[in-house]
Amino acid sequence: MITIKLNNNAKKIDRFLLKFLKKQKKTILVAPMKYGLISGGKKIRSKIILDAGKLFKVKEKKLLDICAAVECIHSYSLIHDDLPCMDNDSMRRGKPSTHKKYGEATAVLAGNSLLTLAFEIISDEKNSLSYKQKNEIIKLLSNCAGHTGIAGGQELDLKFENKKKTLGQIINMQRKKTGKLFNFCLQSASIIGNKSKKDKLSFGNLGEEIGLLFQLADDFLDVKGNKKLVGKPIKKDKKKGKSTLINLMGSKRALRYAKKLKKKILLKLKKHGKNANDLIETIEFIQGRNF
């Protein structure tokens with residue numbers, strides 16, 4: 001059931017993105033942008049936005065723009081992460097990485113273009129959100145995507161290679177690299193739901209915890225996953241000396257940590273009753289990917 005929902009959501013967001021790109025002036029960067037953005041991927045982040053919308057009784061139509069924007073940001077980060085100067089991965093989503101298909105320079109420019117496209121989508125005049133909501137969401141996305149978020153987390157990830165780091169340092173890095181975009185998913189939906197400042201921050205923090213759980217699942221997939229099913233190289237974290245919770249504390253302790261984190265997340269969600277059912281189902285899927 002969750003797989004069907006994910007597939008339907010991915011198709012919906014892909015249609016939105018293709019329609020948005022189609023109305024723009026066509027350039028030679030559109031093909032590599034589509035290559036990194038449209039083909040493959042479960043689009044879990046946009047699914048979480050739609051799930052969070054149900055917590056706040058927000059109509060799906062009001063959420064599609066930020067769903068599309070978050071997928072642009074995520075895809076830009078993957079295109080750049082795969083570059084030889086970063087993680088140097090040749091496969092992504094079961095196909096050659098963007099730089100393998102189009103070259104490194106084009107991949108950098110396509111990634112940059114997806115980054116800016118995200119903000120164009122949110123600020124578009126056809127987006128039905130109020131100017132105040134748009135401004136708040138743009139500011140939040142800037143914070144989550146830049147040096148205080150994804151970019152800063154990726155820098156720490158690279159700097160931490162082959163170095164001994166503490167639990168706190170690794171979690172801080174993963175909260176930025178992965179958690180911040182999940183923070184955006186929940187907090188942006190709460191902005192559209194007109195929640196209080198305190199509630200917005202609380203939901204953003206919950207998003208970061210979901211992001212940590214997602215990263216742990218990803219790390220387990222790297223250790224125990226199937227290359228064909230995962231769609232990218234596996235067993236690379238240990239070879240590169242990556243700072244992960246598995247490498248720090250071992251698989252058994254990391255698994256206990258993940259289960260405890262999931263329990264904490266679900267306890268927070270269950271107080272929202274049946275409105276949280278879809279989000280709980282998505283979290284169960286995230287954890288069930290490998291541990």
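Observations
- FRET efficiency estimate (nearest 0.05) - Cβ-Cβ, Lys252 to Thr116, R0 30 angstrom: 0.10
- Amide H to amide H, with H built 1.01 Å from N, Leu83 comes under 5 Å of Asn88, Asp89, counting only residues 5 or more places away or on other chains.
- Least to most buried among Thr282, Thr98, Thr106 (fewest other Cβ within 10 Å first): Thr106, Thr282, Thr98
- Under 5 Å, built H, 5+ apart or other chain: amide partners of Arg92: Ser97
- In the chain, the calculated helix contribution to ellipticity at 222 nm averages -22000 deg cm²/dmol per residue, counting -39,500 (n - 2.57) for every DSSP H run with n ≥ 4.
- Put in order of Cβ neighbour count within 10 Å, fewest first, the listed residues Cys144, Cys185 become Cys144, Cys185.
- Cα gyration tensor category, rounded, prolate or oblate, for region 111-150 with a/c compared to 1.5: oblate
- For Glu120, net neighbour charge (Lys/Arg +1, Asp/Glu -1) across residues whose Cβ lies under 15 Å away: +2
- Comparing Asp199, Asp89, Asp157 in a Gaussian network model of the chain, where Cα atoms under 10 Å apart are tied by springs, the biggest mean-square fluctuation is seen for Asp199.
- Loop-located GluC sites (Glu not before Pro) in region 103-193, at most 10 other Cβ atoms within 10 Å (DSSP): Glu125
- Dipole check for region 2-288: with +1 at the C-beta of Lys and Arg, -1 at the C-beta of Asp and Glu, and the Cα centre as origin, the magnitude is about 820 Debye.
- Cα centroid separation, region 6-78 to region 259-276 (Å): 26
- GNM flexibility winner over the chain from Leu181, Leu37, Leu158 (Cα, springs under 10 Å): Leu158
- Gyration tensor (alpha-carbon) shape descriptor, the chain, a/c threshold 1.5: oblate
- Under the shape rule built on the C-alpha gyration tensor, where the axes satisfy a ≥ b ≥ c, region 84-177 is oblate, since a/c reaches at least 1.5 while a/b does not exceed b/c.
- Working value for region 113-235: equivalent-ellipsoid semi-axes of 30, 17, 14 Å, each the square root of 5 times a Cα gyration tensor eigenvalue, largest first.
- Net length gained if the chain between Lys26 and Ser130 were fully extended (0.36 nm per residue, minus Cα distance): 34.5 nm
- Residue order, fewest to most beta carbons within 10 Å, for Tyr131, Tyr257: Tyr131, Tyr257
- Entries of Lys197/Lys263; Lys176/Lys242; Lys59/Lys264 with Cα pairs more than 18 Å apart: Lys197/Lys263; Lys59/Lys264
Every read-out reported here was derived from the displayed coordinates using simple, explicitly stated rules and does not represent laboratory data. Fair warning: this is a prediction, and the values are worked out from it, not measured in the lab. Quick reminder, even Gly has a Cβ in these numbers, built from the backbone with ideal geometry, and neighbours come from all protein chains shown.
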